[in-house]
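Notes follow once the structure below has been shown.
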Amino acid sequence: MTQIKKKINLRSDVMNQSTGQSWVYSDIVKDHFFNPRNLLLENPRTGEYDAVGEVGSPACGDVMKMWLKIDKPSDKIKDLKWRTFGCGSAIAATSMFSLMVTEGDGLKINQAIKIKPQDIMKRLGGLPERKIHCSVLADKAFRKAINNYFRDSGQPDRIIVESGRIIDKRLNITDKDIEEAVLEGARDLAGVQKKLKAGVGDKEAIPELEQLIRFYAEKYYGKE
Ligand code: FES
């Protein structure tokens, strides 16, 4: 057993010293981490970009900022730059996302917002399960920037509204809270209750809660 563990640890790129948990990164992830594409280190000049979006991750407290250049007549994304105080996986995922969105002549906004964290992970050759929420950071910053663009360019009817629906009425827990809990690693009712106490005082919420946990677990981690 110790020998097996040793072998696994020899293959791993990262190991948590206290839990002994380890994981491996694909060569593509490492490439994007060490050579991030479209990273913006200096603050841009005022007006240089058409939109900016900034988000933080409730899962780890990391921050992502994104700048976009958009060609209004064609609705295409001509440039995407970003900066993060996030981990290696967030850097690699956002770097890959920036390429996907600006590929060819640039994607149209409607195509770009369809890119899912799973699409980014596929292009990266996978991400360790505990790092999936890092790829969501790029997606969220992008949506925020796009909404700011819609607002500032006189297209308020195109703003993407992601309203939370209340699932647990006693604690006002929404479907978005449940999604975040799953992204933070909760995979079943017990895991979500440990984080949120969801359904503890509102038993009627439990069937819908379980359904949502299954939905988000499948969305981010695939079918078991
Ligand atoms: S972005 Fe926070 S751990 Fe990856």
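Observations on the structure shown:
- Within segment 77-87, restricting attention to residues that are at pLDDT 95 or above and of a type outside the set (A, V, I, L, M, F, W, C), the residue that is nearest to the ligand (Cβ to nearest atom) is 83.
- Filtered by the rule that a residue be more than 20 Å from residue 133 (Cα to Cα), aliphatic (A, V, I, L, M) and either out of contact with any strand residue (DSSP E or B) (no Cβ under 8 Å at 6 or more places or on another chain) or not in a strand (DSSP E or B) (or both), segment 31-82 gives 40, 41.
- Scoring residue 114 on the criteria (1) more than 18 Å from residue 29 (Cβ to Cβ); (2) more than 10 Å from the ligand (Cβ to nearest atom); (3) in contact with a strand residue (DSSP E or B) (Cβ under 8 Å, 6 or more places away or on another chain) leaves a single failure, condition (3).
- Residue that is modelled with the highest pLDDT [pool: residues in segment 53-62 that are more than 9 Å from the ligand (Cβ to nearest atom) and surrounded by fewer than 18 Cβ atoms within 10 Å (Cβ to Cβ)]: 54
- Selection from segment 128-138 of residues that are buried (at least 24 other Cβ atoms within 10 Å of the Cβ) and over 8 Å from the mean Cα position of the chain (by Cα): none
- Which listed residue is out of contact with any Phe, Trp or Tyr (no Cβ under 8 Å at 6 or more places or on another chain) and more than 14 Å from residue 220 (Cβ to Cβ), from 185, 191, 104: 104
- Test result for residue 190, outside any loop (DSSP other than H, G, I, E, B), small (Gly, Ala, Ser) and more than 13 Å from the chain's Cα centre (by Cα): yes
- Listed conditions (1) touching an Asp or Glu at 6+ places or on another chain (Cβ under 7 Å); (2) without any contact (Cβ under 8 Å) to a residue 40 or more places away in the chain are all met by residue 186, apart from (1).
- For segment 88-109, the condition holds for no residue, the condition being that it is among the hydrophobic types (A, V, I, L, M, F, W, C), within 16 Å of the ligand (Cβ to nearest atom), under 26 Å from residue 30 (Cβ atoms) and part of a loop (DSSP other than H, G, I, E, B).
- Test result for residue 125, more than 13 Å from the ligand (Cβ to nearest atom), more than 14 Å from the chain's Cα centre (by Cα) and in contact (Cβ under 8 Å) with a residue 12 or more places away in the chain: yes
The values are calculated or read from the model by the stated rules, or taken from the named source; none is laboratory data. These figures come from a predicted structure and were not determined experimentally. For neighbour counting, all protein chains shown are included, and Cβ atoms are generated from backbone atoms with ideal geometry for every residue, glycine included.
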